[in-house]
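Have a look at the structure below before the remarks.
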Amino acid sequence: MSNQINKIDISLADRLEKCYSGAVYDVLRAMGYPNQTLSNQIRPLDITSKLSGQVYTVSGRYDDTLEPHDTLLHWTAMLSKAPKDSVIICQPNDHTLGHMGELSAETLLLRGVRGYIVDGGCRDSEFISRIGFKVFSKYCTPMDVVGRWTAQDFEEPIEIDGVKIISGDYVLADRDGVVIIPKNIAEEVIAKTEEVLQTENLVRTAILAGEDPQRAYLKYGKF
């Protein structure tokens, strides 16, 4: 494990999971980080899934000249290296194959990995949803990576949809989308998001009690 993820901060991840992506986005935008969301095509297999945690990055490449044995060696290396309580984010540089499957999902779940986000595909989606492993992907396909795709780099910076992601950053993914929080501001962003949620509750209480919506907005500065 490299210095980028020396110690997973479970408490921050758990606090982040109690938030929602829209509120986190609003805080990031106000702090001068308006472009931290991944493509709206990356969707959860289970629409009720919410995934948060510290990021472990993986990238790879398509190459149909590869030996099946070699691709599986690199793939199982990824399964072995991903830290417990991390969220794997993969840039496969490929939009044809499934970059997650049932046995791999079951392995990662057993090893305590929180979930998997990929700028690519997934297969065996019914099984993965049934066991409760959280996967966010762009599409599903029966095609797997054997002999055609290799996991090439671990814990190296990646980019998805113009968002730069490094191991140690934080992520919150839910049914609305995926938001990346740079590691150096994660604690501040989470604290500010928690404040936003408290204020939203005050606004909601006022509205439900009959307060005029514009008056409630002017009173609390949030809507």
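Inside the range 63-101, can you point out the residues that are surrounded by fewer than 17 Cβ atoms within 10 Å (Cβ to Cβ) and either of a type in the set (D, E, K, R) or touching a Lys or Arg at 6+ places or on another chain (Cβ under 6 Å) (or both)? Matches in the range 63-101: Asp63, Asp64, Glu67, Asp70, Lys81, Lys84, Asn93. Among the residues of the range 44-56, is there at least one that is closer than 17 Å to Ser137 by Cβ, among the charged types (D, E, K, R) and at pLDDT 95 or above? Yes, the range 44-56 has at least one match.
Taking into account only those residues within the range 32-59 that are in contact (Cβ under 8 Å) with a residue 12 or more places away in the chain and surrounded by fewer than 14 Cβ atoms within 10 Å (Cβ to Cβ), which is farthest from Ser125 (Cα to Cα)? Walk me through how you get there before you give the answer.
Residues of the range 32-59 in contact (Cβ under 8 Å) with a residue 12 or more places away in the chain: 33, 35-59.
Of the ones still in play, those that are also surrounded by fewer than 14 Cβ atoms within 10 Å (Cβ to Cβ) are 35, 40-41, 47-48.
On the way: Asn35: 29, Asn40: 19, Gln41: 16, Ile47: 12, Thr48: 15 Å.
Only one residue tops the list, namely Asn35.
Quick check on my filter: what residues within the range 28-45 are outside any loop (DSSP other than H, G, I, E, B) and either over 21 Å from Arg15 (Cβ atoms) or more than 15 Å from the chain's Cα centre (by Cα) (or both)? Leu28, Arg29, Ala30, Arg43, listed by residue number.
Taking the range 175-216, which residues are among the acidic types (Asp, Glu), in a loop (DSSP other than H, G, I, E, B) and touching a residue at least 24 places away in the same chain (Cβ under 8 Å)? Don't jump to the end; show me each part of the working.
The first filter runs over the range 175-216 and keeps only residues among the acidic types (Asp, Glu), leaving 176, 187-188, 194-195, 200, 211-212.
So of that shortlist, the ones also in a loop (DSSP other than H, G, I, E, B) come out as 176, 211-212.
Correct list: Asp176 only.
Checking the structure you have, find out if any residue of the range 148-155 is farther than 18 Å from Ala82 by Cα and touching a residue at least 60 places away in the same chain (Cβ under 8 Å). Quick ask: steps written out before the conclusion?
The first filter runs over the range 148-155 and keeps only residues farther than 18 Å from Ala82 by Cα, leaving 148-149.
Next, only the ones that are touching a residue at least 60 places away in the same chain (Cβ under 8 Å) stay: 148-149.
Scanning the range 148-155, I find at least one residue that is farther than 18 Å from Ala82 by Cα and touching a residue at least 60 places away in the same chain (Cβ under 8 Å), so the answer is yes.
Give the residue that is surrounded by the most Cβ atoms within 10 Å (Cβ to Cβ), with candidates limited to residues of the range 158-186 that are farther than 16 Å from Arg29 by Cβ and charged (D, E, K, R). Within the range 158-186, the match that is surrounded by the most Cβ atoms within 10 Å (Cβ to Cβ) is Asp169.
The values are calculated or read from the model by the stated rules, or taken from the named source; none is laboratory data. Since we're looking at a predicted model, the values are computed, not measured. Heads up, the Cβs are rebuilt from the backbone with ideal geometry, glycines too, and the neighbour counts pull from every protein chain shown.
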